[in-house]
Amino acid sequence: MSAAATSMSRLFLPGATVVHRLPPQCKLVATVTFVLAVVSTPREQAWAFGLYAALLAAVAATARVPAGVIARRMAIELPFVTFALLMPFVAHGERVTVAGVGLSVSGLWGAWNILVKGTLGVVASILLAATTEPRALLLGIERLRLPSLLTQIATFMLRYADVVLDELRRMKVARAARGFEARGIRDVGVLARSLGALFLRSYERGERVYLAMVSRGYEGRMPAHRDVGASGGQWATAAVVPAAAALVAATAWMVQWTLL
């Protein structure tokens, strides 16, 4: 396996669990449905989000994805966490005092809404990536009849993102070998020219790859390497978690309407 392919597969954790064996299209639909159920849940029904977290914990345990791995990968949502934590201080409306600090009630609810729903969505995505190979995800997207052009763009992005990053690393080594070290704003021009050169090299590489594909018979559609069909039983297995999430969301709305 190439270095690029190896690097792009870092999110995937090999395994032979029930979750790993499910076809990718089943897991994609299950993840999207679960996230929609979470997003549609009234923010006031905190118990519902606890049940969603329990469902994800059950999936993680079944797939044998370590909690430490999930915790480390959740760092991707830190910008959203920062934004959410600022909301109680900057939002308007009714205010409450907590530890001598005035906080907006609507800001607190907004922060809670972003944090809990965003975190559950991120964890669901982490579990999907940890149990499904990147190439299998693309095959699953194809089975779901998404536009072929979008699938091909995603395939090339997946394959060549690390190639471009490797090129960037080589350019960094070349600058360091010539004594360059970015120390301040005065060095922005050098970095900008490096990014311009990287863009041109990437564009030229794309042209060469396209011409090579055309010379080998490419006609606008990538050949299918393997089938990822799903049986009724596999769809039913994948539907367990999103169905439970939909039931929780429906119950949360019933409780919400009762309290109004």
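Examine the range 124-133 for a residue that is open to solvent by 60 Å² or more (accessible area, probe 1.4 Å), touching a residue at least 60 places away in the same chain (Cβ under 8 Å), on the phi < 0 side of the Ramachandran plot and assigned to a loop (DSSP other than H, G, I, E, B), and state whether such a residue exists.
Scanning the range 124-133, I find at least one residue that is open to solvent by 60 Å² or more (accessible area, probe 1.4 Å), touching a residue at least 60 places away in the same chain (Cβ under 8 Å), on the phi < 0 side of the Ramachandran plot and assigned to a loop (DSSP other than H, G, I, E, B), so the answer is yes.
L144 versus (1) touching a Leu at 6+ places or on another chain (Cβ under 6 Å); (2) closer than 30 Å to E219 by Cα: which is the lone unmet condition?
Every listed condition holds for L144 apart from (1).
For residues that are at pLDDT below 80 and open to solvent by 80 Å² or more (accessible area, probe 1.4 Å), tally how many sit in the range 186-212.
Going through the range 186-212 one residue at a time, the tally reaches 1.
Quick check, is S40 in contact with a helix residue (DSSP H, G or I) (Cβ under 6 Å, 6 or more places away or on another chain) and open to solvent by 40 Å² or more (accessible area, probe 1.4 Å)?
In short, yes.
Out of V59, V35, V69, report the one residue that is in a helix (DSSP H, G or I), surrounded by 13 or more Cβ atoms within 10 Å (Cβ to Cβ) and touching a Lys or Arg at 6+ places or on another chain (Cβ under 9 Å).
Testing whether each residue is in a helix (DSSP H, G or I), surrounded by 13 or more Cβ atoms within 10 Å (Cβ to Cβ) and touching a Lys or Arg at 6+ places or on another chain (Cβ under 9 Å) leaves just V35.
Which condition number in (1) within 25 Å of the chain's Cα centre (by Cα); (2) open to solvent by less than 40 Å² (accessible area, probe 1.4 Å); (3) polar (S, T, N, Q) is the one that Q234 fails?
It is condition (2) that Q234 fails.
The values are calculated or read from the model by the stated rules, or taken from the named source; none is laboratory data. Predicted model only: the values in this text are computed from it and were never measured. Using ideal geometry, Cβ is built from the backbone for each residue, glycine included, and neighbour counts are taken over all protein chains shown. In case anyone asks, the SASA skips ligands and DNA or RNA and just uses the protein heavy atoms, side chains included. Shrake-Rupley method; radii C 1.70, N 1.55, O 1.52, S 1.80 Å.
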